[in-house]
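So the structure is just underneath, and the comments pick up after that.
Bear in mind that the values in this text are calculations on the coordinates, not laboratory data. This is a predicted model, so every value here is computed, not measured. With ideal geometry, Cβ positions are generated from the backbone for all residues, glycine too; neighbour counts draw on all protein chains shown.
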Amino acid sequence: MPEKLIISISGMRGIVGENLTPSIAAEYGCAFGKFLKNSHTGKEGKLSVCIGRDSRSSGQMLKSAVATGLCTVGIDVIDLGLVTTPGVGIMVRELRCSGGVIITASHNPIQYNGIKLLLGDGIAPPADKAEKIRQYFFDKHFALVDSLNHGTITSNEQTDATHIDKVLAIVDEEAIAAKKFKVVLDSINGAGGRVTKKMLAKLGCEVIAINDEPTGIFAHRPEPTAKNLTGLCKAVKEKGADIGFAQDPDADRLAIVDEAGTYIGEEYTLALAAKYIFSRETGKAATNLSTSRMLDDIAKEADSQVIRTAVGEANVAAAMLEHNCIIGGEGNGGVIDLRVGPIRDSLVGIALILQLMAETGRTVSQLAGEITSYYMVKEKFAAEQAQALQILKLAKETFADAKLDTTDGCRFDFDDGWLHLRTSNTEPVMRIIAEAENRKTTQKYIDTVLSIRRQIRS
Ligand code: MG
C-alpha cells in the first residue's frame, strides 16, 4: 500500500508523483497564505514569504507550485533558491517576512519530498496553528485574489552570505583559523555543501569535501547515522583529518566522526556544542525529553539548568526563546543557538565544535571522552492509540518509583537512567527511548516495556 501523504506540525511530506504533486503543493501554498493573511488582518500592503529548497530534483517544481499558490491568494514570494533549512529560518527574520517555506524531506530517502512551514519568528507553527493550516488545506476555500492583487515573485541570493556572517559572529574566527584544521565534509549531495565549504574556508580549514554536488542524488542513505557514514569514516582516516562532519540533505542535522575515523554518534553533537557554550558562561539550555543525559551533566558542571520539552524542534525553540536559553537543540544532531536563529543549524554545530577544539587544543575524541557516556537504545513498534494508552498506564504502575514527566507521553527518570515512551505524531507507532549507564540496564528498561506490550496483546 502506498504511504499516505503526511500533514503534521512540521508541514507536509509525501512521495513525489504518487501523493505529493504540484497541484497539492499549490493548494498547500494557498492554505498557508490564507492562514498568514488571517493572522495579520489590519496590516497594510501585501505580506511576504521567503521560500527555499534543498537539492532534490523535484524541489524546483514543488517550490514553483507553492510559490504560485501563495501568489494566488495575494502573498509576495521571495525565492531564495537552493538553500539549507536553517538558511531559510535566518532569512525569514532578516527579510522581515511573515512566513517561510522550505521544500525538503530532510533525512528521508530520495523518493520523498516535503513542504516545511515557518512563521515570521523563524519557528514552525505551534500545534493549534498547524491544525488551522491543515483545515484550510482540506476545506479548499482559499479566497483567491483578482489580477490586480495577486502576489509577485522576486529572487534573493543573499542566504549563504547572511548565514555565514551570523555563524562566524559567535566564534573567534582567527583562533580557529590559526589551527588550520583539516576537515572532511560529507554533505550527501544535499543543500549544505556550498555554504558549509565557504564557511570552513573562512575559518582557515583545509576542506576535503565528499558528496558535495547539490544534485539531490544521495550518495548513501541520507540519515546521518553510523551505518550510513562508513565512507566519511574511511575518508577521515585516510586523509589524516582532524574531524569529519556529516550533514543531512537540508543541513539542519550534524553528525561527527573523530580523528581516528570513528563515528561518535549524533547525541555528542549537541553535547560538544554545549560543552563549549558552558565553558564560557552560565545560563539555561533546552532540549527534548528524548535527548541524552550528557547535556544535563555538562550543564550541571557549569551550575546551569536544562529545560526539557516535548519532542519537536518548534517546542525546543519556543522554550529557548521563553527562557532565554544560551544553547539548545535535539539529540539527533540538531544544535540551536538563538544568536544565529531559533532553528537547528549544522553550521552552528560545526563552528562551535571547531572553536572548542581550538580553545582547548584537544582532539575531538579527547573532548568526547571527557563527557560521561551512556548507552542509548531506540525502539519502535506498531500501536494504535487505545493500545498505546494502555501501555502508558501499565508503565506508570510498573515504574511507580521513578520521577515522571508527562509533557509528551511518559518519561521516567531513574537514578541509573531514563525511559521515554511516546506515540508518534505522524503514524500509529509507539517509540521507546532508553538510556542508562550500561547496555544491560538500558536493555532491562526496553525489555520491561516490550513485556508490557505482550501482556496487553495476549
Ligand atoms: Mg533535516
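In table form, for the structure just shown:
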{"item": "Cross-link partners of K239 among lysines (Cα-Cα below 23 Å; sequence separation of 8 or more within a chain)", "result": "K179, K180, K182, K197, K198, K202, K227"}
{"item": "Highest-first arrangement of 54-60, 273-279, where packing means the average Cβ count within 10 Å", "result": "273-279, 54-60"}
{"item": "R0 of 25 Å, Cβ-Cβ distance D121-S57: FRET efficiency to nearest 0.05", "result": "0.20"}
{"item": "Potential lengthening between N19 and A386 on full extension [0.36 nm per residue; Cα-Cα distance subtracted]", "result": "129.3 nm"}
{"item": "Where the Cα pairs of the chain fall when distances are cut into 10 Å bins, in %", "result": "4, 21, 30, 27, 15, 4, 0"}
{"item": "Projected label distance in nm at E322 and H141, using a 7 Å step from Cα toward the beta-carbon", "result": "3.3"}
{"item": "More than 28 Å apart - percent of Cα-Cα pairs taken over the stretch 6-158", "result": "9"}
{"item": "Cα pair distances of the stretch 258-309 binned at 10 Å [whole percent]", "result": "26, 52, 19, 3"}
{"item": "Mean Cα-pair separation over length for the chain, i.e. relative contact order, pairs under 8 Å, 6 or more apart, %", "result": "12"}
{"item": "By average C-beta atoms within 10 angstrom, highest first, the peptides 229-239, 145-155", "result": "229-239, 145-155"}
{"item": "Partner lysines for K380 [C-alpha distance under 18 Å; skip if fewer than 8 residues away on the same chain]", "result": "K393, K444"}
{"item": "Gained length - T360 relative to Q305, 0.36 nm times residue gap less alpha-carbon distance", "result": "17.5 nm"}
{"item": "Global geometry of the stretch 375-457, whether rounded, prolate or oblate, following the gyration tensor of its Cα atoms and the 1.5 cut on a/c", "result": "prolate"}
{"item": "Spacing of the two label points (7 Å from each Cα toward its C-beta) at E238 and A226, in nm", "result": "2.2"}
{"item": "Listed peptides 374-384, 72-82, 12-22, 189-199 by packing density, highest first (mean Cβ within 10 Å)", "result": "189-199, 72-82, 12-22, 374-384"}
{"item": "The stretch 375-457, relative contact order [Cα under 8 Å, separation at least 6], %", "result": "37"}
{"item": "Inter-site label distance for K403 and S39 at 7 Å from Cα along Cβ, in nm", "result": "3.4"}
{"item": "26 Å Cα-Cα reach of K34 towards lysines, excluding residues that sit fewer than 8 places from it in its own chain", "result": "K4, K43, K46, K63, K116, K129, K132, K140"}
{"item": "Using a Förster distance of 45 Å, the FRET efficiency for S279-N149 (Cβ separation, nearest 0.05)", "result": "0.25"}
{"item": "Point-charge dipole on Cβ atoms (K/R +1, D/E -1) for the stretch 375-457, about Cα centre, debye to 20", "result": "320"}
{"item": "Viscosity 0.890 mPa s, temperature 25 °C, Stokes-Einstein D of the stretch 162-280 from Kirkwood C-alpha radius, µm²/s", "result": "170"}
{"item": "Gyration tensor (Cα) of the stretch 174-369, equivalent ellipsoid semi-axes in angstrom", "result": "26, 19, 15"}
